[in-house]
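**Student:** Below: one structure in structure tokens.
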Amino acid sequence: MKNIDTYDFTDKKVIVRVDFNVPLNDKFEITDDTRIRAAIPTIQKIRKNGGAVILMSHLGRPKTGPEDKFSLKHLVKDLSQKLGTEVQFADDCIGQQAADKSAALKPGEVLLLENLRFYKEETKGDEAFAEKLAKLADVYMNDAFGTAHRAHASTAIIAQFFPEEKMFGYVMTNELISINKVVKEGKKPITAVLGGAKVSGKIEIINHLLAKVDNLIIGGGMMFTFIKAMGGHIGNSLVEEDLLDTAKAAMKKAKELGVNFYIPTDTIAADKFANEANKKTCAAGDIPDGWMGLDIGPETIKIFSEVILNSSTILWNGPMGVFELDNFAKGTIDIAMAIADSTAKGAFSLVGGGDSVAAVNKYNLKDKVSYVSTGGGAMLEFIEGKVLPGVAAIEG
Ligand code: AMP
């Protein structure tokens, strides 16, 4: 496999699939540039090494062809500033203009193509569309981890037109190294901390993790499905009735495998779903009728934190409570801090999934964990043991 660090990019045109799917406000200003910043080292490496860069990405979910609000042209100014060079723009990702501008690129120059998803062929994984993109360049690089679990034209199908000249960029390389540090090379004790609203999206990952971890910690709204499955009284808390048996089966499997399965013992209950609701601490399996658990309680925080502090490898996905409401954020904050403390003591910690990443950013703990994954869905599928098309296309 070719490697971005050792490859000679001199006079090569490199088409790079980046993840520039950034949020824009109604003035088309970028409100969170994390993903753009993440791609800069890859782009600069190619430029400094004598290559020209053609960037392709999606932005948002356009339904029926081009829409101004989803145009990547809104990113040109910011990207030019970050790179210290004027980025060119092709207002169609394929066609004559893209071909002409690509052909005219000189070493060190950068061209950004218009949103790939203005063509439905992108998400359909259309081969002819992928070939048109491929014709623009000599080398293909995938640096978009967030879409690596999709077999789209630009993330996977295009690779076949570069049988030799294909590789990962730094974002992809670092993501794969970091996730493998947990799933393949994790030092024991390994602890997975799962939260968020629903069990349904996470049951496969729970089952897969049971074979790998020493401790599995469950918080967030999903805890109540487990508590109810054990016969607890959960009031109006979030529950997935159809998954009670699945939850029971997971707990049984954990016991068989000798995995410590931690479910909250207490909760902060509220009389309505609102920040200003009345609240009280109660046993997680004894919530009064009409009340709902919106955060983990103090005893649970203590138990979970101790497990985390005694772990060498930690994976965290999903908040412990409704952290968007300040009065129910303590569980998520304290668990995030425990992960940061454990990291300071030498543990490797990987945080992934939209809401836990948002929490880590909100509480300024980004530099206190080992790695923050940029691709929630891709990370979870990778951990579930699935082959990611975007990874297989480069490695295969
Ligand atoms: P997910 O997308 O499944 O990771 O879920 C994230 C969402 O779960 C966040 O918006 C949280 O507010 C929500 N959440 C966490 N704990 C609870 C809870 N106890 N009850 C209801 N929603 C929760």
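**Student:** Given a Förster radius of 41 Å and the C-beta distance between N327 and K63 as r, what FRET efficiency does 1/(1 + (r/R0)^6) yield to the nearest 0.05?
**Tutor:** 0.60
**Student:** Still on this structure, I have one more. How far is helix 34-48 tilted, in degrees, relative to the longest principal axis of the Cα atoms in the chain, given as a value from 0 to 90 rounded to the nearest 10?
**Tutor:** So the inclination is approximately 30 degrees.
**Student:** Oh, and also: Going down the table (K188/K330; K184/K253; K228/K366; K198/K345; K330/K366; K63/K366), which pairs top 26 Å between alpha carbons?
**Tutor:** Flagged as over cut-off: K188/K330; K228/K366; K198/K345; K63/K366.
**Student:** Could you tell me which of the pairs K181/K212; K13/K48; K13/K166; K272/K302; K12/K181 are separated by over 22 angstrom between their Cα atoms in the structure shown?
**Tutor:** K272/K302; K12/K181
**Student:** What percent antiparallel are the DSSP beta bridges of the chain, to the nearest 5?
**Tutor:** DSSP beta bridges in the chain are roughly 20 percent antiparallel.
**Student:** Then there is this: Out of all DSSP beta bridges with both ends in the range 179-372, state the antiparallel percent to the nearest 5.
**Tutor:** For the range 179-372, the DSSP antiparallel bridge percentage is about 30.
**Student:** Give the value in nm², to one decimal: projected area of the alpha carbon convex hull of the range 179-372, averaged over all directions.
**Tutor:** Average of the hull's projected areas for the range 179-372 equals 9.5 nm².
**Student:** Order of C93, C282 from fewest to most other C-beta atoms within 10 Å?
**Tutor:** Lowest to highest Cβ neighbour count: C282, C93.
**Student:** Share of antiparallel DSSP beta bridges in the range 13-170, in percent to the nearest 5?
**Tutor:** The answer is about 5 percent antiparallel.
**Student:** Between the range 180-251 and the range 79-137, what is the separation of their alpha carbon centroids in Å?
**Tutor:** Centre-to-centre distance over Cα atoms comes out at 42 Å.
**Student:** By count of other Cβ within 10 Å, fewest leading, how are I296, I158, I40, I287 ordered?
**Tutor:** I40, I287, I158, I296
**Student:** Would you mind ranking L209, L309, L380, L315 by Cβ crowding within 10 Å, fewest neighbours first?
**Tutor:** L309, L380, L209, L315
**Student:** Which whole-angstrom value gives the distance between the alpha carbon centres of the range 341-396 and the range 34-57?
**Tutor:** Each part reduced to its Cα centre gives a spacing of 22 Å.
Every read-out reported here was derived from the displayed coordinates using simple, explicitly stated rules and does not represent laboratory data. In this text the structure is predicted, and so the values were computed from the model without any measurement. Positions of Cβ are backbone-derived with ideal geometry, glycine not excepted, and every protein chain shown enters the neighbour counts.
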